[in-house]
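The structure appears right after this line, and notes come after that.
The values are calculated or read from the model by the stated rules, or taken from the named source; none is laboratory data. These figures come from a predicted structure and were not determined experimentally. Neighbour counts are summed over all protein chains in view; Cβ atoms, including those assigned to glycine, are modelled from backbone coordinates with ideal geometry. Side chains included, ligands, DNA and RNA excluded: accessible areas come from the protein's heavy atoms. Shrake-Rupley method; radii C 1.70, N 1.55, O 1.52, S 1.80 Å.
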Amino acid sequence: MLTTIGFDADDTLWQNETFFRLTQDRFLQVLQDHADPHDLRDRLEAAERRNLDYYGFGVKGFTLSMIETAVEVTEGRVPASVIGDLVAMGRNLLEHPMELLPHARAAVTALSGDFRLVVITKGDLLHQERKLAQSGLGDLFDGIEIVSDKTEATYRTIFARHGTGADQALMVGNSLKSDVIPALRAGAWGVHVPHEHEWAFEAAKAPVDHRRFHVLQHLGELPDLVRLLSA
């Protein structure tokens with residue numbers, strides 16, 4: 001029996017990685033006189049991975065990683081004006097209007113009332129709260145969980161708190177690594193809705209042989225899948 005549905009937010013309910021990539025492209029342009037773009041991209045990604053344990057996921061950690069990379073590639077000679085540009089880029093990311101993905105509103109609306117719906121997302125607390133408020137979907141959810149990371153224990157705890165346990169819950173999201181695989185390990189259904197852009201950190205092999213794993217083309221297919229699983 002399915003009672004609870006968890007939704008990832010970034011790149012599942014609304015756009016996110018697209019804006020990060022545009023900002024990254026701007027970062028490469030700003031520092032193009034100091035390093036090869038491919039090397040810059042690799043060094044920025046390495047800084048992001050290195051800093052996750054310190055800054056967590058989200059815009060603020062990304063901005064600090066851009067600054068750190070700029071300092072490294074210029075051997076400490078990065079102009080103050082460039083640092084100012086990078087800070088402004090981070091602020092623009094935080095202030096960027098939220099853009100719902102296709103079918104997100106219809107899918108959440110169709111499932112609200114019949115199931116307990118929970119947003120389970122990583123990232124900056126204030127930023128995620130702001131995007132949820134802008135989305136107009138907040139009242140359709142029974143719970144909001146903004147977490148530092150998504151693990152098997154995370155899903156067990158959240159689905160016990162907001163529902164009847166992970167074995168009667170479903171998690172839907174664009175990341176195999178964060179949204180699907182740990183949810184499956186917790187005993188829930190895991191539904192992958194791929195986004196056109198995937199952050200390298202979130203890449204993982206699809207658990208195609210798992211009996212509770214499903215892939216959808218878009219969120220518009222979710223209500224039919226939920227009805228099938230609930231039958």
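Annotation: per residue accessible area for region 149-191 equals 32 Å², rounded to a whole number [probe 1.4 Å, protein chains only].
Computed about the Cα centre, the dipole magnitude for the chain is approximately 600 debye when only Lys and Arg (+1) and Asp and Glu (-1) carry charge, each at its Cβ. Check cross-link reach from Lys60 to the aspartates and glutamates: straight Cα distance under 17 Å, and skip same-chain residues fewer than eight apart. Cα-Cα hits under 17 Å: Asp10, Glu17, Glu45, Glu48, Glu68, Asp85, Glu95, Asp124, Glu129, Asp149.
The Stokes-Einstein estimate for the chain, based on a Kirkwood radius over Cα pairs and taken at 4 °C with 1.567 mPa s viscosity, is a diffusion coefficient of 70 µm²/s.
Averaged over its residues, region 1-141 has an accessible area of 48 Å² per residue, based on protein heavy atoms and a 1.4 Å probe.
For the chain, which whole-number percentage of the solvent-accessible area (1.4 Å probe, protein heavy atoms only) is attributable to carbon and sulfur atoms?
Carbon-and-sulfur percentage of accessible area, whole number: 50.
Note on Arg50/Ala231: beta-carbon distance plugged into 1/(1 + (r/R0)^6) with R0 of 41 Å gives a FRET efficiency of 0.30. Give the residue from Tyr155, Thr63, Thr23 lying farthest towards the positive end of the charge dipole for the chain; charges sit on Cβ (+1 for Lys and Arg, -1 for Asp and Glu) and the dipole is referred to the Cα centre. The one lying farthest along the dipole's positive direction is Tyr155.
DSSP beta bridges fully contained in the chain are about 5 percent antiparallel. Grouping the Cα pair distances of region 99-209 into 5 Å bins from zero gives a pair-distance distribution of 2, 11, 21, 24, 24, 14, 3, 0 percent in increasing distance order. Comparing Arg91, Arg211, Arg130 in a Gaussian network model of the chain, where Cα atoms under 10 Å apart are tied by springs, the biggest mean-square fluctuation is seen for Arg211. Restricting to DSSP H runs of at least four residues, report the calculated mean residue ellipticity at 222 nm for the chain, -39500 (n - 2.57) per run over all residues, nearest 500 deg cm²/dmol. It comes out at -14500 deg cm²/dmol, rounded to the nearest 500. Three semi-axes describe the equivalent ellipsoid of region 40-128; taken as square roots of 5 times the Cα gyration tensor eigenvalues and ordered largest first, they are 35, 14, 10 Å.
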